[in-house]
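Reviewing the structure listed below.
Coordinate-derived values only; no laboratory data. Given the structure is predicted, the values throughout are model-derived calculations rather than measurements. Cβ placement follows ideal geometry from the backbone for every residue including glycine, while neighbour counts extend to all protein chains displayed.
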C-alpha cells in the first residue's frame, strides 16, 4: 500500500504494565486507511506510546476507536505511575509525514477531538499547532493538576474545554489532541566526566534559558561510560535545524576545552531533517527533493500504484 | 508499483538530433517490470541518455529490446558528434538502487551482454565492476579508436570481445555493458575569478594526480558569473564520501585565501550519499536506516503492497 497523504499519530495511553490491555487498545485502532506500526510500554511511567500511520480519513476512525477502547479498559482512579497524566488516552498528537500540510493535521485533530467529545463524553483540549488559546499550546500547561486536579480546574472559565461539557469523565479524565512538528530526540556526547560542563552547555543551547527557539536540553551523566551528554528534544527541525544545534554545542564545548565524541538519535529522524544537514554542510545551492535519485524514481513510479 | 529490487540503467545511444528516432528507441525499452523515466538528447554530442529503472528480469528484456531498436535505426557510418563513440548503443551501465547488490548488477550486465551478442551479432565488452580484464575496467580505454578504429582493434588478442565474434557489427559497432556505482556530478564554486586556483585545487583532489581514489576533477571558469569552480565526478560515494571531497576542496581553497561560496549537484544524488553527509557532519554513532522515520514506515507498510 502506498499512501500519498501520510500522517503519523502517537497516542499516549495511561497503561504501561498490562500487556493484554495495551494490545487490545492498539488493536482497536486497526482498520482500512491506517496501520499500527509500533507499540511500546513503559512500566515505570505506567504509560504506552502507540505509533499509527495512515491517511487522514483512516486515522480519524482509528483514533476514535482507540480512545473508545482505552476508555473502556482504563480507570484513572486506580492509575499510578511516574509520568504525569490527565486522561486514559492522555494525548493524541498528529504529525505531517508526506503529502500533507500542518493545516491538514490541525484539521484532522479537530475532527478527532470533536468526535471523542461527542461519542465518549470526554472533554477535549486542543494543543500545540491546534491550540485555540496561547496558554494551551504547551501540553504541560494543560496537564498541570493532572486527573485528580482537573475536577476543579475544568470549572475555571480559562480552562473550558475546546470540545465537550466542562465535566471530567469519571474514569477516563480529559484528553489533549493536537498537531505538531516531528520531535527529534538528539543527544551529544562530550569527552568529559564533569556534569557541570554538560549542564552549562544545555543551558546555553536551550530556549528556556536564552538559547535556540525549538530546543529543550538537559545535561546528564552516563555513569557506566564515565562521560556526560547534552540530551535534547528538537521540537521543530525546520526552524531550528539539527546542524545548527550540533554546531553550537560543539563551539560551547570547545570554549570549555571539551571535545564532542559523538552523537545519538533516539527513536527516529525524518529524512527531511537529514537532507537539511547535508544541504547545509555541503553549501548546496538550489537544493530540492528533485535532486534526490529515489524521489525522482518514486515520483515516476508513483502513477503505477 | 513498488519494486523491492530496483536497478537503474542509463544506456547511451548515438543519436542526439532526431527526436523521433530517440523516442522510438526509448519506447522499445518499455514493458513489464521496468519503466523509462527520462530521456535527454544532446545535439552537439549527437548522443542521448535514456534512464530506465526496474527489476533485473524486466530490465534484461527492456535493454535487449532497446539495443535491437537502436541497431535498426542508427548507422554509425553516418554518425558525427563531439562525443567519442563506438556503438549505436554505446554503453549500458547498471547501477544498484535498492534491494540489490553490485553482484546482482554484474550478473544482469552479463545476461544482457550475452543476449545482445547472440541476438544482434554485436560484440560486447564488459567494463567497470563487470570487467574480466584490468584494462577493461575503464570505459575510455575500451572506446579508444572508436567505431572507425575498432575493425582493427578487435583483431588484437587483447581486445577479443567478452561475448560475440571478433567482428564489428557493420552499422552498430560494438557495445560496453557493465555494473558501476552511482556517479555524482558535483561542483564547488570559489569566490575567485582566477582559473589557476580552481585548476590547482582540482589537481589536488583528483585521483589521476594524487588525490582521492574516486574523484575526477577539472577547474572551470563560469564566465558569466565571473567566478571559477571545481567541477567533479564522484564515481564511488561509498568509498570516497562527498563530505570528505568538500572538506578537502575547502581546505585547499583556504590555503590559497579563497572561500567556497556554494556547491551544486548536477542531475541527481542517491539518498544514501546524503545520509552519509549527515551522519559524518553530526558524528552520529550507530547510524542505520532504521533511524529514519520514512524507512521505518515504508518497511511497516511494505507488506501491504
Checklist line | Relative contact order %, chain A, counting alpha carbon pairs below 8 Å whose residues are six or more apart | finding: 14 percent
Next item on the list: Would you give the gap between the C-alpha center of region A:69-139 and the C-alpha center of region B:25-98, rounded to a whole Å?
Entry: 54 Å
Notebook entry, point to check: How far, in nm, would the chain grow between residue A:290 and residue A:167 when pulled straight, counting 0.36 nm per residue and subtracting the alpha carbon separation?
Noted result: 39.2 nm
Item checked: Residue of A:85, A:17, A:271 that the Gaussian network model of chain A assigns the largest fluctuation, springs spanning Cα pairs under 10 Å -> A:271
Next item on the list: Calculate for the protein assembly as shown the 222 nm mean residue ellipticity that helices alone would give, adding -39,500 (n - 2.57) per DSSP H run of length 4 or more and normalising by residue count, nearest 500 deg cm²/dmol.
Entry: -11000 deg cm²/dmol
Check: What is the spread of the Cα atoms of region B:1-99 along each of their three principal axes, largest first, in whole Å?
Finding: 41, 20, 19
Next item on the list: Give the shape of chain A as rounded, prolate or oblate, defined through the alpha-carbon gyration tensor: a ≥ b ≥ c are the square roots of its eigenvalues, a/c under 1.5 means rounded, and otherwise the shape is prolate if a/b is larger than b/c and oblate if not.
Entry: oblate
Note to self: What percentages make up the Cα-Cα pair-distance distribution of region A:6-179 when the bins are 5 Å wide from 0?
What the structure shows: 2, 10, 20, 23, 22, 15, 7, 2, 0
Note to self: Given an 8 Å cut-off on Cα distances and at least 6 residues of separation, report the relative contact order of region B:6-179 as a percent.
What the structure shows: 25 percent
Item checked: R0 of 22 Å, Cβ-Cβ distance residue B:133-residue B:209: FRET efficiency to nearest 0.05 -> 0.30
Check: Which value in Å does the Kirkwood hydrodynamic radius of the protein assembly as shown take, with 1/r averaged over all unlike C-alpha pairs and then inverted?
Finding: 27.8 Å
Notebook entry, point to check: Using only Cα atoms, what is the ratio of the radius of gyration of region A:184-291 to 2.2 N^0.38 Å?
Noted result: 1.09
Item checked: residue A:298 versus residue B:157: modelled label distance in nm, points set 7 Å from Cα along the beta carbon direction -> 5.4 nm
Check: Angle between the Cα long axis of helix B:56-73 and the longest principal axis of chain B, 0 to 90 degrees, nearest 10?
Finding: 60 degrees
Item checked: Antiparallel DSSP beta bridges within region B:6-179, as percent of all bridges there, nearest 5 -> 70 percent
Check: Pulled fully out, how much extra length does the chain show between residue A:191 and residue A:148, if you take 0.36 nm times their separation in residues and subtract their Cα-Cα distance?
Finding: 11.1 nm
Next item on the list: Take the alpha-carbon centre of region B:184-204, take the same for region B:268-304, and report the distance between them in whole Å.
Entry: 31 Å
Checklist line | Tilt relative to chain A, helix A:102-120 - C-alpha long axis, 0 to 90 degrees, to 10 | finding: 30 degrees
Notebook entry, point to check: Using Cα atoms only, what is the angle between the long axis of helix A:19-28 and the major principal axis of chain A, expressed in degrees (0 to 90) to the nearest 10?
Noted result: 80 degrees
Check: Mean separation of Cα pairs under 8 Å and 6+ residues apart, divided by the residue count of region B:184-291: what relative contact order is that in percent?
Finding: 33 percent
Next item on the list: Apply 1/(1 + (r/R0)^6) to the Cβ-Cβ distance of residue A:218 and residue B:17, taking R0 = 41 Å, and write down the FRET efficiency to the nearest 0.05.
Entry: 0.05
Next item on the list: Could you check what % of the DSSP bridge pairs in chain B are antiparallel, to the nearest 5?
Entry: 85 percent
Checklist line | Sequence of B:167, A:86, B:102 once ranked by neighbouring C-beta atoms within 10 Å, starting from the fewest | finding: B:167, B:102, A:86
Check: With respect to the symmetry axis carrying chain A onto chain B, which residue of chain A exhibits the smallest Cβ distance to that axis, and what is the value in whole Å?
Finding: A:281, 2
